[in-house]
Amino acid sequence: TCSFASSTALRSIPKWEDLSSMPNFNHESPSAVNGNAFSSNPSAASNKPTLYRERHGWCPYSERIWLALEAKQVDYDTIYIDNIYGRPSWYYGNTPQMQWEDGKVQSESMDLVREADKRYDNGRELYPKDIESEVINKVRAFDKIFPRRTRPSSRAAFLFRSDGEPLWKNEFEKVLRETNDLLAETSDKGPFFCGDRFTAADVAWAPFLERYAAQLPCFHDGLDPKCETTYPHLYAWYEAMEKQVPEYSCKVQGDASSWRKVLKMAGYGNAGVPPLVSERMDNAHEKESAPLTEEAAQKQQMIWDDYSNARPWVASSPSQEAASVLIRNREMIVADILKSSVATTNFGLPSDEAELDDAMRSLATILCEDSDTYNDETVQQCRENQYVKALAAFLDHRMCVPRDMGTLSAASIKRLASSL
């Protein structure tokens, strides 16, 4: 039998229907489905533009059009295509692809970006007429500056030679130096590739520079694309993307931990990474899970407000959005835990579904703490759940960003895993 104290604690954990009463749940979110779950193309039932992109969020070319659609505030559906374990039988061609409202199907990432800019007008032009030729030239410069003769890989783009070895340090430094010089050409006007405006040039470069920032320090000592002293204009670009482009930092951007997890799968024939890289595979987790200062939290919330205000289905803060992801996907998450020996053996999670459900609801409640929906006593009861810390740690281990949620939301779970 349960003691009075334990039964009171169980009753104090909000129910799923209570947790699902957040304002964003009153609005239908855009459809995002796994293509392999359907025997035929599910986009036939939609009158929205549909993005077909790589399922795991690893493909940098898919990220280009994904970022463009978000920046243009397009209401679009997503169908995930699994390029690793098998595409659906009805899907032909590479990723990404778009099926526009008029039924036209199109591919090639920057062609898609250009088409999205033509079709949708939200006041932000990715190819502004007055600097269109400059934007096009900066897009083309990517192919000239990034290293050639590297092994194609969506998970480790422009990193390895055909023999599986990483590029030499001076080859990477040449790319970073020339990118920094390209940004310097308009640095008197602003930090982006075309000055003070975010354009298609930034869309073209962002996925690759994002991965380089996380992955290059693992290859060679002293190789840091975000070094302000060595690459001041590139550093300013990274800062501007994270602080001035909310669609990027709130939704599309991956985090360093995830890109390093991906790197571990992409070495010799996708069977691991070369020994020297493994030795430098430092953990970015400590920085990502560090507590936010009050000033940093306020700035982060301002960025989030810019993103969520135009999207009523998005929660009011990064941590509440993380809770929303847990709530919407709770059955799948519990099933994943129950079939994982790592979850029970390494993280100490229970194999009892009811206990997991309590821990899930407790974690979702804690993530909603900044909403003032639940009183301090309720939140404290949830913090005292014996499995909630282990659950946060397992989710941190298991999730990949931005596949499962955006960087800012994922960081809220990382911080809880470290602080509970």
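Considering (1) in a strand (DSSP E or B); (2) β-branched (Val, Ile, Thr); (3) at pLDDT below 90, say which one residue 84 fails and leave the rest. Unmet for residue 84, out of (1) in a strand (DSSP E or B); (2) β-branched (Val, Ile, Thr); (3) at pLDDT below 90: (1). For segment 7-65, taking the residues that are more than 24 Å from the chain's Cα centre (by Cα) and among the basic types (Lys, Arg), the one that is modelled with the highest pLDDT is identified as 15.
Of all the residues in segment 190-229, those that are of a type in the set (Val, Ile, Thr) and out of contact with any helix residue (DSSP H, G or I) (no Cβ under 8 Å at 6 or more places or on another chain) number 1. Scanning segment 223-238 for residues that are touching a residue at least 40 places away in the same chain (Cβ under 8 Å) and closer than 26 Å to residue 155 by Cβ turns up 223, 225, 231, 234, 237.
Note on segment 366-378: residues that are in a helix (DSSP H, G or I) and either under 15 Å from residue 326 (Cβ atoms) or within 28 Å of the chain's Cα centre (by Cα) (or both) total 5. Is it fair to say residue 134 is surrounded by 17 or more Cβ atoms within 10 Å (Cβ to Cβ), over 21 Å from residue 210 (Cα atoms) and not assigned by TED's automatic domain parsing to the domain that holds residue 256? Criteria not met by residue 134. Considering segment 32-51, and only residues there that are in contact with a Ser or Thr (Cβ under 6 Å, 6 or more places away or on another chain) and part of a strand (DSSP E or B), the residue that is nearest to residue 112 (Cα to Cα) turns out to be 51.
Of the residues that sit in segment 137-151 and are in a helix (DSSP H, G or I) and not small (Gly, Ala, Ser), which one is surrounded by the most Cβ atoms within 10 Å (Cβ to Cβ)? So, considering only residues that are in a helix (DSSP H, G or I) and not small (Gly, Ala, Ser), the one surrounded by the most Cβ atoms within 10 Å (Cβ to Cβ) is 138. State yes or no: is residue 225 farther than 29 Å from residue 127 by Cα and surrounded by 19 or more Cβ atoms within 10 Å (Cβ to Cβ)? Against the criterion (farther than 29 Å from residue 127 by Cα and surrounded by 19 or more Cβ atoms within 10 Å (Cβ to Cβ)), residue 225 does not qualify. Filtering segment 314-334 for residues that are surrounded by 21 or more Cβ atoms within 10 Å (Cβ to Cβ), over 30 Å from residue 248 (Cα atoms) and either at pLDDT below 95 or among the hydrophobic types (A, V, I, L, M, F, W, C) (or both) leaves an empty set.
Say whether the condition of being assigned to a helix (DSSP H, G or I) and either hydrophobic (A, V, I, L, M, F, W, C) or without any contact (Cβ under 8 Å) to a residue 60 or more places away in the chain (or both) is met by at least one residue in segment 152-170. The answer is yes, given that some residue of segment 152-170 is assigned to a helix (DSSP H, G or I) and either hydrophobic (A, V, I, L, M, F, W, C) or without any contact (Cβ under 8 Å) to a residue 60 or more places away in the chain (or both).
Of the residues making up segment 382-396, one or more are assigned to a helix (DSSP H, G or I), without any contact (Cβ under 8 Å) to a residue 40 or more places away in the chain and within 19 Å of the chain's Cα centre (by Cα).
Checking each residue in segment 318-363 for being in contact with a Phe, Trp or Tyr (Cβ under 6 Å, 6 or more places away or on another chain) and assigned to a helix (DSSP H, G or I) picks out 318, 343, 359.
The values are calculated or read from the model by the stated rules, or taken from the named source; none is laboratory data. Being a predicted model, the structure only gives us computed values, none of them experimental. Glycine also receives a Cβ, built like all others from the backbone with ideal geometry; neighbour counts cover every protein chain displayed.
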